[in-house]
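This report refers to the structure that appears directly beneath it.
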Amino acid sequence: MRTLIRDVRVFDGERSIATADVVIEGDLIAVVDTGAAHPADVEIDGTGKTLLPGLIDAHTHVFDGSLAEALRHGVTTELDMFCLPPVLARQRRLAAENDDVADLRSAGTLATAPGGHPTQLLAALAGTVLDGLDVTAIDFVSEPAQAPAFVQARLAEGADYLKIVIDDGTVHGADLPMMTPDTAVALANAAHDAGLRVIAHAITASEVRTALDAGVDGLAHVWTDLAPDDPASRHLAERVRAHEIFVVTTLAYFEAISAQHVDTADCARPGSSANAAGALRALRQAGVPLLAGTDATPFAPAHGAGMHRELQLLTEAGLGAEEALAAATSLPARHFGLDDRGRIAPGLRADLVLVEGDPTRDITATGSIADVWRRGVRQAR
């Protein structure tokens, strides 16, 4: 099956092409060019539309139904940062065997201290999507000596990378046990020895410093306890850049939790979205790679739809529209080693989104979806 998308504006993951013809053959992109004839079984007029690489959400939590919801909104790959053990195996199988759901990569079970974040959230959700979950059955890490065995268990679980939690609960209004710096170092070393990237959940400046000292490859969030104009935020961003790591943005998540505190006094809470946006601006100015991620759950932000809000928040925080689009396509593909996607070029996977209008000028156009392809399969709209 050959599909021709004719006379379409293309954002290829890194730059814009004013008009091109794009041919999908099987599960791959076969042609991206102009001015030549391209025989095809199906022809789509791309006039007035923009073709994007399938969006990649660099921070989600996958439950039953999440991957289908993501794909409906043009998110063709989700990078899960903690999938509950009873859920992970069937979600992997679903993504591998079906093209009507988003693809999946996962950390599997995250590393946290006994009773540490996010066990307080899991316990609170019992009786909803987590009915029957025994949070005490989740593996914990209490000392450095346990790190190698924990990493090996994650490899057996099929983890694509390791996520570690460095969080004392402050942002969540709690006082939680937190992983020690020595344990974080031991986990990062064990994961690197096993060939895994390490992503740290750290959402205060102090926690970020601990993560940097541990030698992580990326941060799963921006920090949220420094005011937007605090010089310490700029200094921390420069240190992040010096460590040559990436940061996942999750502004939609911080917007969601900030919305729970609507009075004026609460606007200065550590979890405020204003602080998160300020941290993002400092990171951008320092030249840190920024990856778009939402921290999507079955609640808020929502899978798929949350990514379009994330892109809008990124532009409101100062990113150009093309920067934001790259943060949701080529950059997560590059930093997570997904060499077969994230760009529009011959030989890459035909994970694609066709939208009305021009999101390189108006980022909200990403929400006006005309078509979605996953591995070359056109999705019913």
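The values are calculated or read from the model by the stated rules, or taken from the named source; none is laboratory data. Predicted model, so just to flag it, every value in this text is computed and none were measured. A quick note on method: Cβ atoms are made from the backbone with ideal geometry, for glycine too, and the neighbour counts reach across all protein chains shown. In case anyone asks, the SASA skips ligands and DNA or RNA and just uses the protein heavy atoms, side chains included. Shrake-Rupley method; radii C 1.70, N 1.55, O 1.52, S 1.80 Å.
At-a-glance table
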read-out: Extension gain (nm, one decimal) between Ala194 and His243, 0.36 nm per residue minus Cα-Cα; value: 15.6 nm
read-out: Kirkwood hydrodynamic radius of region 1-53, from inverse mean 1/r over distinct Cα pairs, in Å; value: 11.0
read-out: Crossing angle, helix 85-97 versus the chain [Cα axis fit, 0-90 degrees, rounded to tens]; value: 10
read-out: Electrostatic dipole magnitude of the chain [Cβ: Lys, Arg +1; Asp, Glu -1; Cα centre; debye, to 20]; value: 400
read-out: Positive-end extreme of charge dipole, the chain - chosen from Ala305, Leu121, Phe140 (charges on Cβ); value: Ala305
read-out: For peptides 233-244, 36-47, 196-207, sequence by mean Cβ density within 10 Å, most packed first; value: 196-207, 233-244, 36-47
read-out: Helix-only CD estimate at 222 nm, as mean residue ellipticity for the chain, using -39500 (n - 2.57) per DSSP H run (n ≥ 4); value: -9000 deg cm²/dmol
read-out: Hydrodynamic radius by Kirkwood, which averages 1/r over all alpha carbon pairs of region 18-106, in angstrom; value: 15.0
read-out: Largest to smallest accessible area among His303, His335 [probe 1.4 Å]; value: His335, His303
read-out: Crossing angle, helix 205-214 versus the chain [Cα axis fit, 0-90 degrees, rounded to tens]; value: 80
read-out: Protection proxy ranking of 48-59, 109-120 - average other beta-carbon atoms within 10 Å, highest first; value: 48-59, 109-120
read-out: Lys/Arg +1, Asp/Glu -1 at C-beta; the chain dipole; positive extreme among Thr224, Gly342, Ile199; value: Gly342
read-out: Length released on extending from Ala68 to His235, taking residue separation times 0.36 nm less the Cα-Cα span; value: 56.0 nm
read-out: Rounded FRET efficiency, nearest 0.05, which uses the C-beta distance separating Val42 from Asp358 and R0 of 30 Å; value: 0.80
read-out: Pairwise Cα inverse-distance average, inverted: Kirkwood Rh of region 169-265 (Å); value: 14.5
read-out: Area projected by the alpha carbon convex hull of the chain, averaged over all directions, nm²; value: 18.0
read-out: Of every Cα-Cα pair in region 228-381, the percent that sits beyond 24 Å; value: 38
read-out: Residue-count net charge about Arg334 - beta-carbon cut-off 11 Å; Lys, Arg +1, Asp, Glu -1; value: 0
